[in-house]
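**Q** One structure follows; several queries about it will come next.
The values are calculated or read from the model by the stated rules, or taken from the named source; none is laboratory data. Computed from a prediction, not measured in an experiment: that's the story for all the values here. Every residue, glycine as well, gets a Cβ built from its backbone with ideal geometry; the counts of neighbours run over all protein chains shown.
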Amino acid sequence: MVLFSWHVLSSTGKLSFGGIFSVAAADFKVEKRLLPHPAIVAIRGGNRAVHSAKGLFGFASQERSATISSNMNMAVFLDRDGTLIQEKDYLCDPDQVIVLPGAMTALHRLQQAGFKLIIVTNQSGVGRGYFTLADVEAVNARVVREFGRQGVNFQKIYFAPEAPEQPSRGRKPSPQFLFDARDEFGLDLARSYMIGDKLIDLECGWNAGVNQCLLVRTGYGAEQERKHPGPVSRAVVVDDLPAVADWILHSRSR
């Protein structure tokens, strides 16, 4: 009888003993398993033991992956202007913030269903020199305050201040802010949604691999639906945020 040992590497980098294999008549059997850890990183004894270990513990790895996914947070990513609030060219005055009808109730429903709410917005007026970062922050603060009155809480607002021709890490359709939010809040993008009134919002979500992108006909949405029928056909098109909430919640109940 030949014994083989296997070891696992923890998330902190510690190598720990995992168990012992015995070889008899070309069969591999686990004699002892001390750690319930499926990530086998080193097996002493040869390739046959490696293949056997993968076969024996593959189910554990799959089961662990499914558990991790189910425990991750879901999110609804939202454009700001034309989606949450009325579209105003280069909005920089907090007093001009007008929440779209039904938006607060819709987001409250999604929040109650367990979704994290995150705003992702391009604010090229900064890069164009039309207003300042402080102006963007002031408008964002008003948006947060208005929705907060209905108990709606945004996890974070990501915004890209660059003009279209300027280098930008996060300007939509770049998915970078969605990746940042995934890492910061433990999100499962495959169970999350992107909502906006422009094709670049949809492209941002597609680039990030979200479950579905929805175009609202508020803001520039109806115009974008007419202007880009081909690409938009990949998305779900609805009238407004209340319809977004209806679609998402209904799709999850099926």
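**Q** Out of 125, 129, 114, 82, report the one residue that is free of Cβ contacts under 8 Å to residues at least 60 places away in the same chain, assigned by TED's automatic domain parsing to the domain that holds residue 192, among the small types (Gly, Ala, Ser) and under 27 Å from residue 249 (Cα atoms).
**A** The conditions single out 114.
**Q** Tally time: how many residues in the range 95-136 are of a type in the set (Asp, Glu) and under 26 Å from the mean Cα position of the chain (by Cα)?
**A** Result for the range 95-136: 0.
**Q** Now, a different point. From 115, 147, grab the single residue that is within 24 Å of residue 193 (Cβ to Cβ) and touching a helix residue (DSSP H, G or I) at 6+ places or on another chain (Cβ under 7 Å).
**A** 147
**Q** Here are 179, 159, 131: which of them is among the aromatic types (Phe, Trp, Tyr) and assigned to a helix (DSSP H, G or I)?
**A** Among 179, 159, 131, only 179 is among the aromatic types (Phe, Trp, Tyr) and assigned to a helix (DSSP H, G or I).
**Q** Which count do you get for residues in the range 91-111 that are touching a residue at least 60 places away in the same chain (Cβ under 8 Å), surrounded by 15 or more Cβ atoms within 10 Å (Cβ to Cβ) and part of a helix (DSSP H, G or I)? Working first, answer last.
**A** Quick first cut of the range 91-111, residues touching a residue at least 60 places away in the same chain (Cβ under 8 Å) only: 100-103, 105-107, 109-110.
Keeping just the survivors that are surrounded by 15 or more Cβ atoms within 10 Å (Cβ to Cβ) gives 100, 102-103, 106-107, 109-110.
Subsequent filtering for residues that are part of a helix (DSSP H, G or I) retains 103, 106-107, 109-110.
Count: 5.
**Q** From 139, 126, 152, grab the single residue that is closer than 14 Å to residue 94 by Cβ and among the β-branched types (Val, Ile, Thr). So that I can check it myself, show each step before the final result.
**A** On the way: 126 fails: closer than 14 Å to residue 94 by Cβ; 152 fails: closer than 14 Å to residue 94 by Cβ.
Being closer than 14 Å to residue 94 by Cβ and among the β-branched types (Val, Ile, Thr) holds for just one of 139, 126, 152, which is 139.
**Q** Of all the residues that make up the range 132-167, how many are closer than 20 Å to residue 75 by Cα, small (Gly, Ala, Ser) and free of Cβ contacts under 8 Å to residues at least 40 places away in the same chain?
**A** 2
**Q** May I pose another question? Could you pull out the residue among 180, 188, 197 that is among the charged types (D, E, K, R) and farther than 25 Å from residue 238 by Cβ? Give the steps one after another, and end with the answer.
**A** Details: 188 fails: farther than 25 Å from residue 238 by Cβ; 197 fails: farther than 25 Å from residue 238 by Cβ.
Only one candidate passes the filter, namely 180.
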